[in-house]
Structures are given as structure tokens and as C-alpha cells.
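The values are calculated or read from the model by the stated rules, or taken from the named source; none is laboratory data. Note that this is a predicted model, so its numbers are computed, not measured. Every residue, glycine among them, receives a Cβ derived from its backbone with ideal geometry; neighbour counts consider all protein chains shown.
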Amino acid sequence: MSESNITVRNGINGAIDALNGSLLQGKEKPLRLAMVALLTGGHLLIEDLPGLGKTTLALALAGSTGLTLGRVQCTSDLLPSDITGLSVFRRDEGRFDFLAGPVFNNIVLVDEINRAMPRTQSALLEAMEERRVTVEGTTHLLPDPFLVIATQNPAEQTGTYPLPESQLDRFLLCTGIGYPAAELEKTIIIGGGVRERLDGLPRLLSAADILAARRCVAEVMLSEKVVAYLHSCVVATRNHEAILTGLSTRAAIGLAAAARAVAFLDGRDYVAPEDVREMVEPTGVHRLLLRPRHDTLDRRELLRSIIAPIPLPLV
């Protein structure tokens, strides 16, 4: 790894360590995955109960990178134009002006995405895949970097709509937050909330740093043996009796990109098989469609059991 790449990597890891040691204690895994998504041009879905810090993570990431932040609080009456924006007629000037919605930001926090109706959820599809929005026949490009962090409540909660498979497939990674360890939670309770401290958060990275890191990630080598192992993991999900639809080719491409980002963060210019194994679960768990008679299975445990027997290649 070149000296310039090392400098970029150290800056990214330094930002992760700083946030994990201050505002986001106990959230190292989701924070690292959010950074992986940012470095690969992917998007992150966070599934967990309310009140565990999902929103705080997104706000802290935006504040520490100096990237612009747009926020959408999903409700059952939210309209697609509330996300993308709309054209307004200026009568005094005799013309239409486009008023950009919150999706026109570097980081877009879509809070409780599964409380929005499916029509509104679909408004994000073009933005997440094409990095652009078409409104009334006119296409508007989105900024770069662009990252959607969506939070989702458990499906059994009142007033939620399940995300369609096409929407889930647009998320590169999926993770949870989880309850903090007992001693850490007591410390958090004593210290109170951290929202008021977000305004004074120092800028640790810039958009230029993120784009430079993306170029470094793209240079990480992926050997034929590692590609073969990755492909074996993907195919294994398609051939399991409990799974109706396994990982797609898009998922495999995303897994390779995520593994490259992990290798970069760990200071290597090549992907190790362990990088692939680490990222199979967050890349694949939300994409699995189970057969009806197996729908009660824990998808994370199922995916781990599928991948575990596949031998790691020697590289």
C-alpha cells in the first residue's frame, strides 16, 4: 500500500475510532459498516427497536464528515414528492421552479422506512441505484458522495409495511444496533443523551477524503481464489432447501466491494477470504427470501450455517 493510501486509510480509521470513543460507544460494528457503505457507494439498512441510537449514528457520521444531511421521517401519509421534491409554478415569473427534496444531500437518513407506504418507498429506488431523480420528465443528478441510511422497525410493530425485495436489494449492507453491554448502558444513562453534543462535533473528514478513499478501495486486489470462494458462498444460498431466493449477482458484486473496503480499512491491498466471510452476513441476510414453511427461521443463523462448512482457500 502506497504512502498516500496509508494516509487516507489512517484518516478514515481515525474518524471511526474518534466517534466510537465518544458519541457512539458500543456501536463500533454498525459505524464500521456505515463507513464501508460510504466507501463503496452503497447504502445501509439498520434494523432494530427504537431508542438504540440508529438516528444518532447517522447524524454523527454526517457531522464528522462535513457532508450535507437530509432527513426523512417516514409516516403512512408521506408522499413521494416529500422525498424527491416537486416543481412549483411562480406566477409572477410565469415559470416552474424545481424545489429539491431531502434526497438531494450527501447523506440521507430515512427514519423508519417501513412506516411509509410502498409507493413512497419506491421513490427512493432510482435515487439509490442511479444516483439521480426524475421529476416530471426532468432528470436531476444527486451529489457525490451519496449514501442512504435507512432505519427499520421490526415488522411486527404496528403500522409497518414490509419492504419489497427490489427495495431491499438496493441496500448493500444490513445490520442492527443491539442493546449495549450492562456497564456501558449504565454509563450512558448517567451521562444522558448525546444529541446536544452533535452540534459541536469536530469535522474529521471531508468529501474529498471520502472520494480519495473510494479510489484506494477500488485498487484493492481480488484474486481468482477469493472470487471462487465468494462465488461458492453465493451459490450455496441458492441451493439451500429453506431458501426460495438466494443471493443475486448484484449481491455478489456488492459483497466483493464490501470485502475490498474491509481489506482497505485493515491495511491490506488485497482481499483475504476472511474479509469475504466477515461481510457475507451484512451483505446477504436482508436479501434472503425463505420458503413459507421455513419463514420462522432466523435468517442470520441460517446464513451462518450455510457459509460455515465452505472451506477458506489458501492464498
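Here are the numbers for this structure:
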{"quantity": "Any hit, region 198-219, residues being modelled with pLDDT under 95, more than 21 Å from the chain's Cα centre (by Cα), of a type in the set (Gly, Ala, Ser) and outside any helix (DSSP H, G or I)", "calculated": "yes"}
{"quantity": "Residue that is of a type in the set (Val, Ile, Thr), in contact (Cβ under 8 Å) with a residue 40 or more places away in the chain and either exposed (fewer than 12 other Cβ atoms within 10 Å of the Cβ) or on the phi < 0 side of the Ramachandran plot (or both), where the choices are 160, 139", "calculated": "160"}
{"quantity": "Residue match in region 50-71 (condition: closer than 15 Å to residue 121 by Cβ and surrounded by 17 or more Cβ atoms within 10 Å (Cβ to Cβ))", "calculated": "no"}
{"quantity": "Some residue of region 105-128 being β-branched (Val, Ile, Thr), buried (at least 21 other Cβ atoms within 10 Å of the Cβ), over 30 Å from residue 178 (Cα atoms) and in contact (Cβ under 8 Å) with a residue 12 or more places away in the chain", "calculated": "no"}
{"quantity": "Members of region 40-84 found to be in contact (Cβ under 8 Å) with a residue 60 or more places away in the chain and part of a loop (DSSP other than H, G, I, E, B), listed by number", "calculated": "41, 42, 43, 48, 49, 50, 52, 53, 66, 67, 68, 76"}
{"quantity": "Filtered residues of region 209-248 (kept if of a type in the set (D, E, K, R) and over 25 Å from residue 265 (Cβ atoms))", "calculated": "238, 241"}
{"quantity": "Unique residue being closer than 28 Å to residue 300 by Cα and at pLDDT 85 or above when the list is 142, 168, 163", "calculated": "168"}
{"quantity": "Whichever residue in region 98-141 is in contact with a helix residue (DSSP H, G or I) (Cβ under 6 Å, 6 or more places away or on another chain) and not in a strand (DSSP E or B) and, among such residues, is farthest from residue 250 (Cα to Cα)", "calculated": "101"}
